[in-house]
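K.L.:
Sharing a structure, written as C-alpha cells. Questions coming.
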Amino acid sequence: MVSKGRPERPPVFGASSVPNSLFGEILDWMLAPLLLLWPISIAATHHVANDIANEPYDQALAENVGAITRLLQIEGGKVTISLPTQARAILHADEQDELYYQVRDSQGTLLAGDDLLPAPSGDNEPALSEVRFRDERLSGDPVRVAYKVHELEPGQRWVVIQVAETRHKREALASRIISGVLLPQFAIIPLAVVLVWLGLSRGLRPLSRLRERIATRRPGDLSPIDILRAPEELQPMVRSFNELMERLEENLQAQQRFIADAAHQMKTPVTGLRTQAELALRENDPAQLRDAVLQIARAAERAGHLITQLLTLARAESSHEKLHRLVKVDLNDLARDVASEWVETAQAKRIDLGFEGEDARLIIDGVPLLLRELLKNLLDNAIKYTPSGGRVTIRVIADDRATLEVEDNGIGIADEDRERVFERFYRVLGTDADGSGLGLAICREIAEHHRATITASAARDGIGIRVVVEFPRSGAPQG
Ligand code: ADP
C-alpha cells in the first residue's frame, strides 16, 4: 500500500538493498570509464607527438649521414674523410642541439668523428646503404642516432657511418603538439561532466514525476497508474505496481465483506442477549428469572465462541512471519496427541473416538499451533454433528503425501454443500447445533498456509463425512 512515508523516498522505489541513488550510479558508471580513459589518451598523444616530432628531424639527420658518405675517400689504402672546416662548423652549429658524427671501419676502429658514440649492436644492426634510426644516451643526455653501412669496395671493405643529435628540438616540438591537444581537454572534460549531469537529470525526470504521482496519492487511492504516460522502460514496473494495487483492492474488498458479515453474525447473539436481559428485568418469579439468566449465559457463550473463531481466523490469515514460521512437525505424533485430549469430550457424548496412525514418524513442514487448531475444528464438528453412540476416527496415512483424515458416521453433508461448507459463515440449514460457520473456513485457511488441500467426501461406509487434508511431505518440491 502507498505509505505516507518520507516523500523523497517512498517505499515502492526505496528498496533498502539499493542504498545509493540511481542517478549517482549511472553518473559513476559514465564518468569512471571517462576518467580512466583519460590517462590512456594522454599516453597515446605523447607517443604520437614524439613520432610526429621525429619525422622532419630524422630526415635532416639522414641527409647528414649522406653528406658524410659523400666525403669519404680512400687514400693509399686508408679511409679518410675530407671534412672542410665550414662543413664541420655546420655539423656542430645548431642553436638548440649538439651534433655528433662518427665513422668506424668493419673492425670497429674509429676512423673519424667522436669516439663517444657507441657502435650499433644487438637489435640495432646497421643495414647496407639504408639509413636506420635509434635512441641512445650520450653522457646522460638522450640522443637520436642515424646510421648506415657504406660499402667502399664491393664485398671487400665497408664502414659504419653514424650521426647523432640531442633531442631538444624534438622535445620542444612534441611538447607543443601535446599541449595543443591536451589543453582543450581540460576545458572539454569538465564541460562533458556538466553535460552528462544535465542529461541524466533530464533523462531521469519521468522517474521523479512517477514518484511524485505515487507519493501524492490519497492514502486510500488504489486506482491504477496510466501505463501509457510512463516511459517505456518503466512500464513493466508500473504494470507490476498496478497488479499489486488490484490485488490490494480485492483484498480490501474481501476484508470489508468479512467485517460486514462478522458484524451481521455478531448482531444475532447480541440482539438475543438484549431481549433476554429485558425479559429477565421484567420477571419476578425466581424460577423464571433463573431460566432467563441461563438463556443469557448461553447467548453470551455463543457470542464468545464467535469472537474466538473470528480471532482464530484473523490469526490464521495473518502473514506474520514469526507466528507462521514452518518447522518440522511429526503429523502422526501431533494427531495422536490431539486425539488423546479429545477423548473425554467424545466420551461425554458417548462417542467412540479412535486413532489410526503410522508406526513411523511422518514429518511435514508446519506450524504446530495452527495444525492443532485445524484438527481441533475438525474434531469439534465431527463430535457435534454425530449423534450419541456414534464413531469418530482420526487417521494419519503416509504415502507420497501426508494425509490427515477425520471421519465420522454422523449426519453427513449433502453433495451440493460439500464445497460451500468451507466458505466463511456458511452453515447447512436444518441442524440445531450451535456454530459460527467459521470452523471449516479456518481449516481451509490453515491448509492453504501449509500448501495442503482440504476436501469433504462421503465416509468410507457411506454414512457420515470424511474430511481429508493432504500435506506435501517435508522436503518435497514446491508446486
Ligand atoms: P459451524 O461452526 O457451523 O460448525 P463450520 O464451518 O465448522 O461451522 O461448518 C460449516 C457447516 O458444515 C456446519 O454448519 C455444518 O452444517 C457442516 N458440517 C461441518 N462438519 C460437519 C460434520 N462433521 N458432519 C456434518 N456436517 C458438518
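The values are calculated or read from the model by the stated rules, or taken from the named source; none is laboratory data. On a predicted model such as this, the values are computed, not experimentally measured, just so you know. Reconstructed Cβ throughout: ideal geometry from the backbone, glycine too, with neighbour counts over all protein chains shown. Heads up: the accessible areas ignore ligands, DNA and RNA and are worked out on the full protein's heavy atoms, side chains in. Shrake-Rupley method; radii C 1.70, N 1.55, O 1.52, S 1.80 Å.
K.L.:
Looking only at segment 452-479, count every residue that is closer than 22 Å to VAL327 by Cα, at pLDDT 95 or above and open to solvent by 40 Å² or more (accessible area, probe 1.4 Å) and tell me the total.
P.N.:
Of the residues in segment 452-479, 2 are closer than 22 Å to VAL327 by Cα, at pLDDT 95 or above and open to solvent by 40 Å² or more (accessible area, probe 1.4 Å).
K.L.:
Could you list, in sequence order, all residues of segment 437-451 that are over 16 Å from THR386 (Cβ atoms) and open to solvent by 10 Å² or more (accessible area, probe 1.4 Å)?
P.N.:
GLY437, ARG444, GLU445, GLU448, HIS449, ARG451
K.L.:
Turning to a different aspect of this structure: Give the number of residues within segment 438-479 that are away from the ligand (no atom under 13 Å from the Cβ) and assigned to a loop (DSSP other than H, G, I, E, B).
P.N.:
Number of matching residues: 13.
K.L.:
Select from segment 354-407 the residues that are farther than 21 Å from GLN309 by Cα, under 46 Å from the mean Cα position of the chain (by Cα), within 16 Å of the ligand (Cβ to nearest atom) and surrounded by fewer than 22 Cβ atoms within 10 Å (Cβ to Cβ) and list them in ascending order.
P.N.:
Selection gives ARG395, GLU405.
K.L.:
Something else now. Can you tell which of ILE413, ILE442, ILE446, ILE454 is touching a Lys or Arg at 6+ places or on another chain (Cβ under 7 Å) and of a type in the set (Val, Ile, Thr)?
P.N.:
ILE454
K.L.:
Only one residue in PRO56, PRO120 is more than 48 Å from the chain's Cα centre (by Cα), modelled with pLDDT of 80 or more, part of a helix (DSSP H, G or I) and closer than 23 Å to HIS168 by Cα. Which one?
P.N.:
Criteria check complete, one pass: PRO56.
K.L.:
I'd like to know if segment 43-66 contains one or more residues that are more than 23 Å from LEU152 (Cα to Cα), open to solvent by 90 Å² or more (accessible area, probe 1.4 Å) and touching a residue at least 60 places away in the same chain (Cβ under 8 Å).
P.N.:
yes
K.L.:
Mind checking which residues of segment 412-422 are open to solvent by 30 Å² or more (accessible area, probe 1.4 Å) and within 8 Å of the ligand (Cβ to nearest atom)?
P.N.:
Answer for segment 412-422, where residues must be open to solvent by 30 Å² or more (accessible area, probe 1.4 Å) and within 8 Å of the ligand (Cβ to nearest atom): just ILE413.
K.L.:
Which one of these is in the same structural domain as ASP408 (by TED's automatic domain parsing), of a type in the set (Lys, Arg) and in contact (Cβ under 8 Å) with a residue 60 or more places away in the chain: LYS384, LYS328?
P.N.:
LYS328
K.L.:
Further, regarding this structure: Could you grab the pairs with beta carbons closer than 8 Å, sequence gap of 6+ or different chains, first residue in segment 298-316 and over 19 Å from ALA433 (Cβ atoms) and away from the ligand (no atom under 14 Å from the Cβ), second one open to solvent by 30 Å² or more (accessible area, probe 1.4 Å) and not in a helix (DSSP H, G or I)?
P.N.:
Listed by first residue and then by second, the contacts come to ARG315/LEU323.
K.L.:
Still on this structure: Are there any pairs with C-beta distances below 7 angstrom linking a residue in segment 423-434 that is free of Cβ contacts under 8 Å to residues at least 40 places away in the same chain and in the same structural domain as THR455 (by TED's automatic domain parsing) to a residue that is near the ligand (Cβ under 8 Å from one of its atoms) and in a loop (DSSP other than H, G, I, E, B), with the two at least 6 apart or on different chains, and if so which?
P.N.:
TYR426/GLY437; ARG427/GLY435; ARG427/GLY437; VAL428/ILE413
K.L.:
So, SER175, is that one on the phi < 0 side of the Ramachandran plot, over 23 Å from the mean Cα position of the chain (by Cα) and surrounded by 13 or more Cβ atoms within 10 Å (Cβ to Cβ) or not?
P.N.:
Judged against the criteria, SER175 is a match.
K.L.:
Right, next: Please work out if ARG218 is charged (D, E, K, R), outside any helix (DSSP H, G or I) and either loosely packed, with under 11 Cβ neighbours inside 10 Å or at pLDDT 90 or above (or both).
P.N.:
Judged against the criteria, ARG218 is a match.
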